[in-house]
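**Q** Dumping the structure here so I can ask a few things about it.
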Amino acid sequence: MKGNITYKFGGSLVYATYSEGFRPGGFNRKPCKPGAPGCSPAQFAALAVYVPDSVKNYEIGTKLALLNRSLQINLAAYQIDWSNIQMTVFDQNISNQTFTTNLTDARIKGVEGDVTWRATPDLTFNGAFSYNDSKLTKYRKNTVVLLPLGSPLALSPKFQFNVRGRYEKELSSGLRPFIQGAFHHVGKSISSDISNVDIRYQSLNPTLGYAASIPIVYNGVTVKPGDVIAPIPVSQNQAAYSTYSASIGVSKDQWSIELFGENLSDARPQLYVSGNDGTNRITTSRPRTIGLRVSTKI
């Protein structure tokens, strides 16, 4: 469902929007074995299915065309109420498979915008930003695996922005040489709202038909059933990062050729960190990349 009111003036407008949406629920493949540690019949029934989650969005904004339409500014402020959030959990204490369940509600308040300024017929600047204040507001299940209420949503940096400048001039020959540079910044975030799913050596081995487990040596340490074997925090802090890019080239008609450089500072940001299988696994960006690109429009 969506409702919108818009008022136009000149080449600009202001608007207000209310909208609702949802994701359907579903079923988990045998989330755990009834009777196994951490999986009572009631817990099995609760984890077997997950219900739809839903959002309510309240938004106001404006689209402004200024300076004889050489400057375009788009701004929006919003609040999103997110209920029954579906989260995917990997907890080997109760299952050797990931499963989805409804764990919490959240509230997101934010402001976002983008600007395009054609300073001259040949020089254009673009920029965009977003500020998001997200927090968990309510537990939907009695759980000890979530961060405290008031914590931010995972992978939701409070602030991020990018800017780009491009100079392009058409010559009498029809060639259009250009040069451009860009900067992109992403603020710090956390990798997960799951807090303390420590992996414990199971009393029953699901890969051996749930046969009784025996003590083993893990990383040089003898562990017994029930011992924590990899106490790595699931929720990891991910630092802010910035990247730079640039390109220079020429185009004519439907053809273009450019020399480009991406991630020029050769940054190694942590785009995602996962420790829920006992080992920190880090996803990062591509290293510094320099290349030549030839393209055509068909």
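The values are calculated or read from the model by the stated rules, or taken from the named source; none is laboratory data. What you see is a predicted model, and the numbers here were worked out from it, not measured in a lab. Backbone-built Cβ (ideal geometry, glycine too); neighbour counts: all protein chains shown. We work out accessible area using only protein heavy atoms, side chains counted, and drop any ligands, DNA or RNA first. Shrake-Rupley method; radii C 1.70, N 1.55, O 1.52, S 1.80 Å.
**Q** On the basis of being under 30 Å from V89 (Cα atoms), open to solvent by 70 Å² or more (accessible area, probe 1.4 Å) and at pLDDT 80 or above, does R286 make the cut?
**A** yes
**Q** From the list T101, T137, exactly one residue is in a strand (DSSP E or B), at pLDDT below 95, out of contact with any Ser or Thr (no Cβ under 7 Å at 6 or more places or on another chain) and surrounded by 14 or more Cβ atoms within 10 Å (Cβ to Cβ). Which is it?
**A** T101
**Q** Sticking with this structure for a sec: Only residues in segment 109-132 that are acidic (D, E) count as the first member; pair them with residues that are surrounded by 14 or more Cβ atoms within 10 Å (Cβ to Cβ), Cβ under 7 angstrom, at least 6 apart or cross-chain, and list the lot.
**A** Sorted first by the residue in segment 109-132, then by its partner, the pairs are E112/A76; E112/F129; E112/S130; D114/N74; D114/G127; D114/A128; D122/Y167; D122/E168.
**Q** Same structure again: Which of the numbered conditions does F260 fail, given that it passes all the others? Conditions: (1) open to solvent by 40 Å² or more (accessible area, probe 1.4 Å); (2) under 33 Å from the mean Cα position of the chain (by Cα); (3) under 30 Å from G174 (Cα atoms); (4) modelled with pLDDT of 95 or more.
**A** Of the numbered conditions (1) open to solvent by 40 Å² or more (accessible area, probe 1.4 Å); (2) under 33 Å from the mean Cα position of the chain (by Cα); (3) under 30 Å from G174 (Cα atoms); (4) modelled with pLDDT of 95 or more, the odd one out for F260 is (1).
**Q** Please go through segment 247-256 and give me each residue that is closer than 28 Å to F161 by Cβ and surrounded by fewer than 17 Cβ atoms within 10 Å (Cβ to Cβ), ordered by number.
**A** I248, S256
**Q** Further question on the same structure: If you go through segment 41-96 one residue at a time, how many are open to solvent by 50 Å² or more (accessible area, probe 1.4 Å), in a loop (DSSP other than H, G, I, E, B) and at negative phi?
**A** Counting residues in segment 41-96 that are open to solvent by 50 Å² or more (accessible area, probe 1.4 Å), in a loop (DSSP other than H, G, I, E, B) and at negative phi gives 4.
**Q** Moving to a separate point now. It is to be established whether one or more residues within segment 271-279 are among the aromatic types (F, W, Y), open to solvent by 70 Å² or more (accessible area, probe 1.4 Å), in contact with a Phe, Trp or Tyr (Cβ under 6 Å, 6 or more places away or on another chain) and touching a residue at least 24 places away in the same chain (Cβ under 8 Å).
**A** No, there is no match, as no residue in segment 271-279 is among the aromatic types (F, W, Y), open to solvent by 70 Å² or more (accessible area, probe 1.4 Å), in contact with a Phe, Trp or Tyr (Cβ under 6 Å, 6 or more places away or on another chain) and touching a residue at least 24 places away in the same chain (Cβ under 8 Å).
**Q** Is there any pair linking a residue in segment 235-250 that is free of Cβ contacts under 8 Å to residues at least 12 places away in the same chain and closer than 12 Å to H185 by Cα to one that is of a type in the set (F, W, Y) and not in a loop (DSSP other than H, G, I, E, B), with Cβ under 8 Å and at least six apart or on different chains, and which?
**A** Matching pairs, first to second residue: none at all.
**Q** Hey, among V145, V115, which residue is within 27 Å of V186 (Cβ to Cβ) and open to solvent by 40 Å² or more (accessible area, probe 1.4 Å)?
**A** Every option except V115 fails the conditions.
**Q** Moving to a separate point now. From T207, T120, which residue is modelled with pLDDT of 95 or more, β-branched (V, I, T), farther than 30 Å from I80 by Cα and over 22 Å from the mean Cα position of the chain (by Cα)?
**A** T120
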